[in-house]
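Have a look at the structure below before the remarks.
None of the figures in this text is laboratory data; all of them are computed from the coordinates on show. Just so it is clear, the structure is predicted and the values come from calculations on it, not from any experiment.
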Amino acid sequence: MDYEREKYEQNFKVLDLFAGIGGFSLGFYKSGFEVVAAIEQNKKMCDIYSYNFQNVKVICTNIENIDMQQVPDFDVLIGCLPWTSFSVAGKKIFLKIALYQKNWKLLV
């Protein structure tokens with residue numbers, strides 16, 4: 001990507017969970033962070049992410065199945081949990097309890 005970005009002496013390495021097409025990664029990249037890997041389970045999203053961030057390792061699998069040997073070393077963990085349960089554009093359900101609890105267990 002040819003975006004202007006901040007320059008820092010040390011680039012912290014970032015792992016992006018539930019990466020989608022990379023919106024959260026883009027913000028961190030533009031702030032001077034080095035995004036080293038992204039995890040997303042949706043194949044179409046993985047393809048778009050790979051197109052947008054050609055130097056980032058994209059691991060296209062359900063996060064429950066991740067083999068940490070596949071994940072490069074990182075300093076910062078970011079993630080945007082699936083929002084469809086919260087969105088007024090979705091089914092207007094506050095949350096799908098099983099999905100929500102499962103994702104938080106993975107992060108804790």
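When the chain is fully extended, how far beyond the present Cα-Cα distance does LYS57 get from LYS44, taking 0.36 nm per residue of separation?
Details: separation 13, 0.36 × 13 = 4.68 nm, distance 1.54 nm.
The span from LYS57 to LYS44 would gain 3.1 nm if fully extended.
Please compute the Kirkwood hydrodynamic radius of segment 13-82 from all pairs of different C-alpha atoms, in Å with one decimal. Don't skip to the answer; put the middle values down first.
On the way: mean 1/r = 0.0858 Å⁻¹.
That comes to 11.7 Å for segment 13-82.
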